[in-house]
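Peer 1: This is the structure I have questions about; it appears just below.
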Amino acid sequence: MKIGILGFQGSIEEHEATLHSLEIETYRVKTKEDLNVIDGLILPGGESTHMLMAMKFNGLYDALKEKINSNLPIFATCAGVVLLSRSIENSEQESIGVLDAVVSRNGYGPQYFSFIEEVKIEGFKKEFRAVFIRAPIVRSVGTQVKVLARDKMGNPIFIKQNHIFGLTFHPELTKDDRLHKLFIETIH
């Protein structure tokens with residue numbers, strides 16, 4: 001199995017380290033051709049506007065949308081959720097639009113308001129330490145989207161639509177690999 005990680009910027013190395021600790025091969029995706037050699041794709045946290053520009057410049061944007069619509073498993077964290085959402089509430093930024101959710105970029109505020117919270121995730125016995133850095137807030141989801149975790153204020157922070165995992169936090173910044181394992185298990 002080979003998991004791709006969108007390789008323009010963001011928490012690429014942290015996702016690689018987590019996957020390597022699980023003995024999963026990784027591949028940095030930067031072109032549409034790269035999509036043909038992977039079994040699943042991580043869209044890491046980072047700067048969504050930069051990622052969007054780089055995808056368009058490299059011809060990856062339309063090819064990625066097509067692959068996602070053809071059931072490529074996706075694990076989107078933070079900025080990745082913004083990239084996939086149907087609509088971005090507080091921005092004119094374009095999105096791929098394959099995840100039936102409305103999000104607000106930097107919904108909790110600027111980097112100064114970043115925080116860590118212990119959260120309950122459906123199916124997990126032990127709470128997960130979620131790291132939020134300039135995180136988006138999911139404002140609403142469509143009927144095909146399942147909410148698997150919420151923050152203490154009730155905002156969805158882990159959503160799943162078919163083969164798309166959307167997390168508004170950074171699981172790769174912890175030693176807890178349960179969410180990466182869950183994603184890998186859905187690909188087998």
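Peer 1: Residue by residue through the stretch 144-188, note down the ones that are part of a helix (DSSP H, G or I), crowded, with 18+ Cβ neighbours inside 10 Å and β-branched (Val, Ile, Thr).
Peer 2: The answer is Ile184, and nothing else.
Peer 1: Do you know which residues across the stretch 16-69 are of a type in the set (Asp, Glu) and touching a Ser or Thr at 6+ places or on another chain (Cβ under 8 Å)?
Peer 2: Glu16, the sole residue that qualifies.
Peer 1: Also, I was wondering about something else. Within the stretch 77-88, is there a residue that is among the β-branched types (Val, Ile, Thr) and surrounded by fewer than 16 Cβ atoms within 10 Å (Cβ to Cβ)?
Peer 2: no
Peer 1: Looking for whichever is closer than 18 Å to Ile133 by Cβ, modelled with pLDDT of 95 or more and part of a helix (DSSP H, G or I) here; the options are Glu14, Glu66. Which one fits?
Peer 2: It is Glu14.
Peer 1: Considering each of Thr49, Thr26 in turn, give the residue that is over 17 Å from Phe169 (Cα atoms) and assigned to a strand (DSSP E or B).
Peer 2: Exactly one of Thr49, Thr26 is over 17 Å from Phe169 (Cα atoms) and assigned to a strand (DSSP E or B), namely Thr26.
Peer 1: Return the residue satisfying two criteria in turn: it lies in the stretch 89-102 and is in contact (Cβ under 8 Å) with a residue 60 or more places away in the chain and not in a loop (DSSP other than H, G, I, E, B), and of such residues it is surrounded by the fewest Cβ atoms within 10 Å (Cβ to Cβ).
Peer 2: By that ranking, first place goes to Asp100.
Peer 1: Only one of (1) of a type in the set (S, T, N, Q); (2) at positive phi; (3) in contact with a helix residue (DSSP H, G or I) (Cβ under 9 Å, 6 or more places away or on another chain) is not met by Asn162, so which one is it?
Peer 2: Unmet condition: (3).
Peer 1: Ok, one more. Looking at (1) in contact (Cβ under 8 Å) with a residue 24 or more places away in the chain; (2) not in a loop (DSSP other than H, G, I, E, B); (3) not β-branched (Val, Ile, Thr), which one does Phe124 not meet, given that it meets all the others?
Peer 2: Going through the list (1) in contact (Cβ under 8 Å) with a residue 24 or more places away in the chain; (2) not in a loop (DSSP other than H, G, I, E, B); (3) not β-branched (Val, Ile, Thr), Phe124 breaks only (2).
Peer 1: Only one residue in Glu127, Glu89, Glu117, Glu122 is farther than 22 Å from Leu6 by Cβ and in contact with a Ser or Thr (Cβ under 8 Å, 6 or more places away or on another chain), so which one is that?
Peer 2: Glu89
Peer 1: Just for the stretch 31-46: of the residues that are part of a helix (DSSP H, G or I) and of a type in the set (A, V, I, L, M), which one is surrounded by the fewest Cβ atoms within 10 Å (Cβ to Cβ)?
Peer 2: Taking the candidates together, the pick is Val37.
Peer 1: If you check Phe183, Phe169, Phe132, which single one turns out to be within 14 Å of the chain's Cα centre (by Cα), under 21 Å from Ala17 (Cα atoms) and modelled with pLDDT under 95?
Peer 2: Phe132
Peer 1: Same structure again: Can you tell me which residues in the stretch 50-76 are surrounded by fewer than 16 Cβ atoms within 10 Å (Cβ to Cβ) and within 17 Å of Phe183 (Cβ to Cβ)?
Peer 2: Asn71
The values are calculated or read from the model by the stated rules, or taken from the named source; none is laboratory data. Since this is a predicted model, take the numbers as computed values, not measurements. Because the Cβ atoms are built from the backbone with ideal geometry, glycine has one as well, and the counts that use them run over all protein chains shown.
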